[in-house]
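Below: one structure, written as structure tokens.
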Amino acid sequence: MAAKSNNGILKLAKVMDSRMKRQSETPLSLDFGLVKKNGSLITNTFQKAIAKEDYTVLDGFEHEGKDTRVLVAWVEDDAVVIGKLAES
């Protein structure tokens, strides 16, 4: 009976390993967004406000207290503001 249990565990481990590898192969996704006056972030692909405590910014990004267009990288489910877009 112990050998059958081990085979089942090994099969489960292989399936989980395969799925985790596929998940980690997902490419980095870039997106445009808007950091609002209050610091919340709204991106083109996620139209709900993300509180400033719930996203990350690269070192050097300073929010100036006004609506600011930004480039955002999605790392798994985390939004990371890469930088400010030049005003046109």
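Considering only segment 65-78, state which residues are under 10 Å from LYS36 (Cα atoms) and either open to solvent by 60 Å² or more (accessible area, probe 1.4 Å) or of a type in the set (A, V, I, L, M) (or both).
Those that are under 10 Å from LYS36 (Cα atoms) and either open to solvent by 60 Å² or more (accessible area, probe 1.4 Å) or of a type in the set (A, V, I, L, M) (or both): LYS66, ASP67, ARG69.
Across segment 45-64, which residue is surrounded by the fewest Cβ atoms within 10 Å (Cβ to Cβ) among those that are of a type outside the set (Asp, Glu) and either in contact (Cβ under 8 Å) with a residue 40 or more places away in the chain or within 17 Å of LEU85 (Cβ to Cβ) (or both)?
Among those that are of a type outside the set (Asp, Glu) and either in contact (Cβ under 8 Å) with a residue 40 or more places away in the chain or within 17 Å of LEU85 (Cβ to Cβ) (or both), it is GLY60.
Please enumerate the residues belonging to segment 30-44 that are touching a residue at least 24 places away in the same chain (Cβ under 8 Å), open to solvent by 70 Å² or more (accessible area, probe 1.4 Å) and under 18 Å from the mean Cα position of the chain (by Cα).
Within segment 30-44, LEU30, PHE32 meet the criteria.
The values are calculated or read from the model by the stated rules, or taken from the named source; none is laboratory data. All of these numbers come straight from a predicted model, not from anything done at the bench. Heads up, the Cβs are rebuilt from the backbone with ideal geometry, glycines too, and the neighbour counts pull from every protein chain shown. Quick note on the areas: whole protein, heavy atoms, side chains included, nothing else; ligands and nucleic acids left out. Shrake-Rupley method; radii C 1.70, N 1.55, O 1.52, S 1.80 Å.
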